[in-house]
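Nothing in this text is a laboratory measurement; each read-out follows from the coordinates by a stated rule. Keep in mind that this is a model prediction, so the values were computed, not measured. Using ideal geometry, Cβ is built from the backbone for each residue, glycine included, and neighbour counts are taken over all protein chains shown.
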Amino acid sequence: MAGFERRLRRTWSSAVPPVPEHLQAYRQHWLQDLQAPLTGTTVEELHRAVRRAQLLVVSDYHPLERSRTGLAAIIQALPPHEPLVLVLELLPLHTTLTAQEALGDKEIMLVTGQRLCEAYRPALELLAQRGAVIMGAWVEGDVHRRDTVAAQLWQRIQRQELPSRAIFHFGDWHLAPHHLPARLAASGIEAMVIHQSPEPVWERLGANPQDRTFRTTCQHWVWLQTPPLSLWANLHQDLADTDDEMLAEAAEHLCESAAGLFATTFGFAPPSSRLTVLPKACWAEFHAALPRHRAAAFELDFPPLQTIFHPCKPLVWSPLKLDLSDLIQGAAHSLICDSPLAAEVSFRSSLRRNSFRFLCAFLVNPFLRTTALPGLMDSLWPQRRNQPARQEMLRAASALTLHAVSQQNLAADMEVLLERYWGQIAAARLVRSGALTAGNIGNFLDLGREDFDWGALTATIRVA
């Protein structure tokens, strides 16, 4: 996976603009801070320092929800019921409200388009118990101006005699010593700075470092929670003896990260539920959770040899380690489960769900290949490999068209085979279409919009 990532980065480097010139030095200061020698500490020491600090500056890696989860863990380490002020970079300036008000107001938006109440829910729920105040710091302009405005907010908090303890949640690069911390120091406060899971440190130490909490030479804290996608995937893919449940848990985290990125890219709300991954030993449990018409496609005593997604729940079963395609389809499935498409039980909606999952996989991995009907059937029903019914089913599947399918009731196993087979072919064609846009993908799961080219799909099937 690391090799795949490097290939993509080389390809993208010619098409994607580099970091803008005015931000290059700004980013470099952050990198230099994280290249400094690290002194290992413990989470307990981190928590003790958090409890002593008057002002905390905590990093936010905007696309991922896990930085907000880490923020909630830091809030939980503070003395209970102590009033706080939380200053958010992504909330527009002059927005001030209580955490309780923020939880109940679905109209207040971050500049990224997310609802404040959803994006920061774990932190807001903890803050509401303390009567905390939420303030916005976002202003249009360059990053230096946002540093200056944030320092002015700190002075305003002090002047208005609001609770003196405050937390600033700002993007990674703002945390370099010469940036926001320097502006705050000029205002008369030495802030405690916490870098959450910075990628440069993970790249230095690998995906399984002995220590997870560090101090830098400038007395900043580094708290490693979740490694970058490729490092974590490499670690677990390479460990042949890793327990299946541990692999499943790792896969759930990876899918959650990818789902958050997809949601941001396509304009969806972040998934409301985390995907559950069941390992090979849980086939009976997964089979029992399937709707009756879908369970009828499989035999309890003969589990498939490939990953199977629940039609409408954020649930997936896999007999093997999830590969890149499975992980991305799992992320896409999380988005499907929050869409109107999840409630539909027709063959057409099932095909659309499969097509969306494969479309996301093809978008991420341009080297992905479709599976031919015989190979697909053998991985779904390995027990039928030497049975005469196998050839009959293959002939029938090859002869069917979407129009013909809409005029008849298919057997449950034929539905599963065609959904998977036609879905991957449709996705492979759509991903090469010059008309494909993020907006079209965003509308894909909306039942009221027919952005899916069904005519192109049936034409592709006939050609195949």
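Which of these values of Kirkwood radius over Cα pairs in Å was calculated from the structure shown: (1) 22.9; (2) 24.5; (3) 22.3?
Only one option fits the structure, namely (2).
State the extension gain, in nm to one decimal, for the chain segment bounded by HIS22 and ARG52, taking 0.36 nm per residue of separation less the distance between their alpha-carbons.
7.2 nm
At R0 = 25 Å, how high is the FRET efficiency between ASP243 and ARG369 if r is their beta carbon distance? Nearest 0.05 is fine.
E between ASP243 and ARG369, to the nearest 0.05, is 0.25.
At R0 = 35 Å, how high is the FRET efficiency between GLN100 and GLU190 if r is their beta carbon distance? Nearest 0.05 is fine.
That pair, GLN100 with GLU190, gives E of 0.70.
What length, rounded to one decimal in nm, is gained on full extension from GLN219 through to ARG292, with 0.36 nm per residue of separation minus their alpha-carbon distance?
Working it through step by step, the gained length comes to 20.4 nm.
Identify the GluC sites (Glu not before Pro) of the range 64-168 meeting these criteria: DSSP loop state and at most 10 other C-beta atoms within 10 Å of the C-beta.
The qualifying sites are GLU107, GLU140, GLU161.
May I ask you to sort MET109, MET393 by Cβ crowding, counting other Cβ atoms within 10 Å and putting the fewest first?
Ranking MET109, MET393 by Cβ neighbours within 10 Å, fewest first, gives MET109, MET393.
How big is the C-alpha Rg of the range 45-98 next to the rule-of-thumb value 2.2 N^0.38 Å, as a ratio?
This ratio for the range 45-98 stands at 1.21.
Of LEU376, LEU46, HIS333, which is farthest along the charge dipole of the chain in the positive direction, counting Lys and Arg as +1 and Asp and Glu as -1 at C-beta?
Farthest towards the positive end: LEU376.
If you place +1 on the Cβ of every Lys and Arg and -1 on the Cβ of every Asp and Glu, how big does the dipole about the Cα centre of the chain come out, in debye to the nearest 20? Don't skip to the answer; put the middle values down first.
On the way: 43 positive and 47 negative charges, 136 e Å.
So the magnitude is around 660 debye.
May I ask which residue of VAL201, TRP154, HIS310 lies farthest towards the positive end of the charge dipole of the chain, with charges of +1 (Lys, Arg) and -1 (Asp, Glu) on Cβ and the Cα centre as origin?
Selected residue: HIS310.
Using only helices, what value at 222 nm comes out for the chain when you add -39,500 (n - 2.57) per DSSP H run of length 4 or more and divide by the total residues, to the nearest 500 deg cm²/dmol?
-15000 deg cm²/dmol
What is the extension gain from GLN408 to HIS144, computed as 0.36 nm multiplied by their sequence separation minus the C-alpha to C-alpha distance, in nm to one decimal? Present the calculation step by step, with values, prior to reporting the outcome.
Details: separation 264, 0.36 × 264 = 95.04 nm, distance 6.40 nm.
Full extension from GLN408 to HIS144 adds 88.6 nm.
May I ask you to list the aspartates and glutamates whose Cα is less than 14 Å away from that of LYS280, ignoring any residue fewer than eight positions away on the same chain?
ASP243, ASP244, GLU245, GLU249, ASP301
Among the DSSP beta bridges whose two residues both lie in the chain, what percent are antiparallel, rounded to the nearest 5?
Percentage antiparallel, nearest 5: 35.
Put +1 on the Cβ of every Lys and Arg and -1 on every Asp and Glu Cβ in the range 232-463; which of THR265, CYS282, HIS293 then has its Cα farthest towards the positive end of the dipole?
HIS293
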